[in-house]
Each structure stands twice: as C-alpha cells, then as structure tokens.
Amino acid sequence: MVKRRETRAIRHILDTKGNIVTSQRDVLNAFVTQIRRKYQTIAIDQTCVTTVQRVIPHTRRKKY
C-alpha cells in the first residue's frame, strides 16, 4: 500500500511561471493556484445577457 501511494504522489510540477517546483509545499501551492484560476468567477457582459433573454421565447410550465 505504501508503494502504491508513493507511485501516485506528485513529485514535481510546473508553476504558472514555467518553473519546475519539487517541494511538497510548492507543488501544493502551484496546484491550488491553477485550480483557483480555472474555476474563478467569469465576468459577463450584462447587455449580452439581456439580448439573449429577449431572443429566447419565454415559456411557462403548466401547474398540474
């Protein structure tokens, strides 16, 4: 089980600047930074949202 855990461990990774980091703390920081960037809030243009709302027909569900 220990051997399997060691083979799955991430030993090095590229940070956002392209540097190879090897310490566990730096690997963790690089990973967290990448995930935060990937899933950060995306800015939207409110006028585009309004335009799409006008174009898509409004439908209502029937209550049964």
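Have a look at Y39, Y64 and point out the one that is out of contact with any Cys (no Cβ under 6 Å at 6 or more places or on another chain), aromatic (F, W, Y) and modelled with pLDDT under 90.
Going through Y39, Y64 in turn, the sole match is Y64.
Could you check the chain for helices (runs of 4 or more DSSP H) lying wholly inside it with 2 or more residues that are at negative phi and within 17 Å of the chain's Cα centre (by Cα)?
The qualifying helices (runs of 4 or more DSSP H) are 24-38.
The values are calculated or read from the model by the stated rules, or taken from the named source; none is laboratory data. All figures in this text were calculated on a predicted structure; none of them were measured in a lab. All Cβ positions, even for glycine, are placed from backbone atoms using ideal geometry, and neighbour counts span all protein chains on display.
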